[in-house]
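The values are calculated or read from the model by the stated rules, or taken from the named source; none is laboratory data. This structure is a prediction, so every number in the text was calculated from the model and none was measured. Cβ sites come from the backbone with ideal geometry, for glycine too, and all protein chains shown count toward neighbours. Heavy atoms of the whole protein, side chains included, go into the accessibility calculation; ligands, DNA and RNA do not. Shrake-Rupley method; radii C 1.70, N 1.55, O 1.52, S 1.80 Å.
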Amino acid sequence: MSSLDRLFHPGAVAVIGASRDRRSIGGAILHNLLTFEFQGQVFPVNPRAAVVHSMKCYPTVEDIPDPVDLAVIAVPKPHVLAALESCGRKGVGAAVIITAGFKETGDAGQALEREVVRISKHYGIRLVGPNCMGIINMDPAVRLQASFSANEPVAGNVAFSSQSGALGEAILALLLERGLGLSMFVSLGNKADVSGNDLLEYWETDPRTRVILMYLESLGNPQRFLEICQRVSKRKPIIAVKSGRTAAGARAAASHTGSLAGADNAVESLFAQSGVIRATSIEELFVYASAFASQPIPRGTRVAIITNSGGPAILATDACIELGLQIPTLSAETQQRIRAVVAPEASVTNPVDMIATATAPQYEVAMRAAAEDPAIDAIITIFTSLEMIDGPSVAHGIVRGAAGCDKPVLVCFMGNVRSREAIDLMRDAGLAVYTFPEDAARALAAMVRYGRWLERPAGIRPQFADVDRPGIAEVVAAVRAGGRTQLTLVEAQELFALAGLPVLPWQEARTREEARAAAATLGFPLVAKISSSVIVHKSDVGGVRVGLESADQAAQAFDEMMASARARDPRATLVLQQQATEGTEVILGATRDSKFGPLLMFGLGGIFVEVMKDVVFRVHPLSDRDAHDMIRAVKSFPLLDGARGRPKADLAALEAVILRLDALMAACPDIAELDINPLFAGRTGTPTAAADARVTLL
Ligand code: ADP
Ligand code: MG
């Protein structure tokens, strides 16, 4: 039993604000409930009418003699609170508030919405909205059409939640047009109570839902979204369109990480970590949904293309290759089977081009041959309708050829000759039908990615018991005591050490004698750099000197560098640091988003981050698997992995550092952002260690 059962499976529904006027919202909802043949009781509520829609109408919900599970509230705003109170006293279990004018309108509306939440909490009413279009449950035992949508919904296996009412309506219409049936629909509105996260959990176990679609504008609780999606997406594909930007970009950034962590990275990362399939547009949402709702997940990337015209097959091939799919030559046996039935001019390697005269039986044989070929994982069948060939008959051939196939079959039906009839026929038979070959390729590629997600181990989130929280708090307190938010290099490196992050061996020097002594203990070559909370871009002002080879040179560097540094910052000191003689410079960073929490960044250093902006983000908390994927997700990854004769970096050590950094961000909520630029990623057996650190507190 879920607390949402009375919402989606009500035995009785009251429509508060039911109106005689069908064009009013209350009137439309009542009409929809009745004409869609809701399987329970319906009670109109309206103090100004005795009869609505030939039904006895009640002045308040409390006047209804029978129990009521769900109330749909469509009264003017000033009456919403009273209506909800009345529902509470009546023992109504769930409410959908259609009425607008709440949080979305400013302070007064926000206060009103808080009241709505208070009342529903007090009475234990689960609430959808306010400011929404309603809900639909297509379960034949329920048949609940409690929305004012003008679309006539068709039953199917797609659950859909929309944060925008109007767009929800448009998407419903498009779903129907594309032959996609619904299991449930929820217009979330302001999400005062029931959230997208709640729906994900509800749909996780809903036997009628195979695919979950979401239109999102904001994520109320990103961490919970991550937890839930990680679990649910292993059972059902979640396809989401997310619009709008995050707050991360709003703060003026002191670090590379901060300036790159704008816009959309948090959402992108969250989706990547939780297996959510991101559609970049509503159009793409449909491209994906058509395939996921009807086709099995492919076991691999090998695609057979079967066509009656060359052009679309070339487009399909190009798109597949670009998306990382393969078009392998078919086996000799498969080629023979096809060769036996097609025209002599046909090509049977792959794409299989059966030329314009291709008939239904030829499609059938070619598709079955591909379906039975163990070296093929998916089929894209293309038909360009021609006057002389009967489209619906070919469609029958395609359906027969796909019968019993346990691989995804995506059909492209181009041209106009009786195509509507043919397309309906194939959709009814459970095939995914597109117009454009590129769409079929995109859908297939998304399915392949999802298949990989299903196989991806969940990973573990390591606990770092040795992170010295009190020590870290002391460093932070000292910085704060100085009225600063910017740490010096010395403070930052101390902080790292307390978190167990590896730093190249270093020592601080306040005098030239200390510099000399430090040099003698550290060994050579050495790097000298300024430590100051004022000078943050050290090399811009001559604050870094590499290649020191003796204690004398260290002492000289001290004299020369400190003279100009102390003019800027009297507290400046010098850090002497062992020089890394090999390894690849990478950048690690972290920033704290007000909504998403810590965001971790990884990329290769230098031009890769500064010019190419080739970086990848992940949201806290990271699993070892996230760290693993993160490193491999940058385009320049081959440079770490031994490309072009480069040393192969110790990737496990790098992953460990990323996880430590994540732990530091959790252990020290004061940190706003930080850069480790560079961290030297050495090959196995050599150190992986930070050479620079920039840390800013909130
Ligand atoms: P900043 O970023 O403030 O200019 P860094 O400490 O990052 O100062 O030094 C600038 C550059 O000098 C680094 O990007 C790196 O290329 C090089 N460098 C700094 N420290 C070391 C070191 N210990 N070993 C080798 N190279 C270093
Ligand atoms: Mg640097």
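Here is a yes/no grid of residues against (1) open to solvent by less than 30 Å² (accessible area, probe 1.4 Å); (2) assigned to a strand (DSSP E or B); (3) aromatic (Phe, Trp, Tyr):
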{"site": "ALA519", "(1), (2), (3)": "yes, no, no"}
{"site": "LYS529", "(1), (2), (3)": "yes, yes, no"}
{"site": "VAL546", "(1), (2), (3)": "no, yes, no"}
{"site": "ASP552", "(1), (2), (3)": "no, no, no"}
{"site": "ARG566", "(1), (2), (3)": "no, no, no"}
{"site": "PRO570", "(1), (2), (3)": "no, no, no"}
Original post:
Are any residues in the range 641-698 within 16 Å of ligand 1 (Cβ to nearest atom), of a type in the set (D, E, K, R) and not in a loop (DSSP other than H, G, I, E, B), and if so, which ones?
Top reply: GLU673, ASP675, ARG683, ARG694
Original post:
Which members of the range 350-397 meet the condition of being within 35 Å of the chain's Cα centre (by Cα) and of a type in the set (A, V, I, L, M, F, W, C)?
Top reply: MET367, ALA370, ALA371, ALA375, ILE376, ALA378, ILE379, ILE380, ILE382, PHE383
**OP:** Give PHE602, PHE680 a once-over and let me know the one that is within 16 Å of ligand 2 (Cβ to nearest atom) and over 25 Å from the mean Cα position of the chain (by Cα).
**Re:** PHE680
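Can you list the helices (runs of 4 or more DSSP H) lying wholly within the range 243-358 that have 3 or more residues being at pLDDT 95 or above and among the charged types (D, E, K, R)?
Counting at least 3 such residues, we get 332-339.
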**OP:** Identify, from the list SER24, SER19, SER54, the residue that is small (Gly, Ala, Ser) and open to solvent by 40 Å² or more (accessible area, probe 1.4 Å).
**Re:** SER54
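I'd like the full set of residues that are among the hydrophobic types (A, V, I, L, M, F, W, C), open to solvent by less than 30 Å² (accessible area, probe 1.4 Å) and either under 14 Å from GLY397 (Cβ atoms) or in contact with a Pro (Cβ under 9 Å, 6 or more places away or on another chain) (or both), limited to the range 330-351.
Pass one, the range 330-351, residues among the hydrophobic types (A, V, I, L, M, F, W, C): 330, 332, 338, 340-343, 346, 348.
When the remaining residues are screened for being open to solvent by less than 30 Å² (accessible area, probe 1.4 Å), the result is 330, 338, 342-343, 346, 348.
Across the range 330-351, the qualifying residues are ILE338, VAL342.
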Subject >> Neighbours by Cβ (under 9 Å, 6+ apart or cross-chain): first from the range 535-546, more than 6 Å from ligand 1 (Cβ to nearest atom); second part of a loop (DSSP other than H, G, I, E, B) and open to solvent by 50 Å² or more (accessible area, probe 1.4 Å) >> reply: GLY543/HIS537
**OP:** Give, as residue ranges, the helices (runs of 4 or more DSSP H) completely inside the range 157-242 that count at least 3 residues that are farther than 30 Å from ALA422 by Cβ and touching a Leu at 6+ places or on another chain (Cβ under 9 Å).
**Re:** 196-204, 222-232
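Picking from LEU454, LEU425, LEU410, which residue would you name as being within 28 Å of ILE282 (Cα to Cα) and surrounded by 24 or more Cβ atoms within 10 Å (Cβ to Cβ)?
Details: LEU454 fails: surrounded by 24 or more Cβ atoms within 10 Å (Cβ to Cβ); LEU425 fails: surrounded by 24 or more Cβ atoms within 10 Å (Cβ to Cβ).
After applying the criteria, what remains is LEU410.
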Original post:
Does ASP624 fit the bill of being open to solvent by 50 Å² or more (accessible area, probe 1.4 Å) and away from ligand 1 (no atom under 16 Å from the Cβ)?
Top reply: yes
Original post:
Listed residues THR696, THR688; which is of a type in the set (Val, Ile, Thr), more than 16 Å from ligand 2 (Cβ to nearest atom) and under 30 Å from GLY471 (Cα atoms)?
Top reply: THR688
Original post:
Quick check: is even one residue across the range 30-51 part of a loop (DSSP other than H, G, I, E, B), at positive phi, modelled with pLDDT of 95 or more and surrounded by fewer than 18 Cβ atoms within 10 Å (Cβ to Cβ)?
Top reply: yes
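Can you say whether TYR288 is over 30 Å from GLU217 (Cα atoms), in contact with a helix residue (DSSP H, G or I) (Cβ under 6 Å, 6 or more places away or on another chain) and open to solvent by less than 40 Å² (accessible area, probe 1.4 Å), as far as the supplied structure shows? Write out each step before concluding.
Numbers: over 30 Å from GLU217 (Cα atoms): no; in contact with a helix residue (DSSP H, G or I) (Cβ under 6 Å, 6 or more places away or on another chain): yes; open to solvent by less than 40 Å² (accessible area, probe 1.4 Å): yes.
Here the answer is no, as TYR288 does not meet what is asked.
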Original post:
From the residues in the range 211-232 that are surrounded by 18 or more Cβ atoms within 10 Å (Cβ to Cβ) and more than 12 Å from LEU270 (Cβ to Cβ), which one is modelled with the lowest pLDDT?
Top reply: TYR215
